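Below is one structure, written out as structure tokens, with a few remarks after it.
Laboratory data are not the source of any read-out in this text; all were calculated from the coordinates shown. Keep in mind the model is a prediction, meaning the values are calculated, not measured. All Cβ positions, glycine included, derive from the backbone under ideal geometry; neighbour counts span all protein chains shown.
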Amino acid sequence: MTLLKIKTKSLVLNKDLEYNEKLGLPVEVYCPLAHQTIAFGRIETLDDHFVVINSEKHAISDYFFFGCPCAV
């Protein structure tokens, strides 16, 4: 099995994160300071400032979120 990591679509809007949470799709959390992925999984909780993935709280303003963009 080959895993292809696609970073061409970023979740920059809350509606994209809400869409992924609603469908239970996984989201990748990328840290620009460490230059690496720090979390990958389903969104457990979401508000205007933070996203909780795998029981870890991530600030929306500090990280890049990659996943499926909203279908609009």
### Message
Return the equivalent ellipsoid semi-axes of the stretch 14-66 as a descending list in whole Å, where each equals the square root of 5 times an eigenvalue of the C-alpha gyration tensor.
### Response
17, 11, 10
### Query
When 62, 48, 16 are ordered from fewest to most other Cβ atoms inside 10 Å of their Cβ, what list results?
48, 62, 16
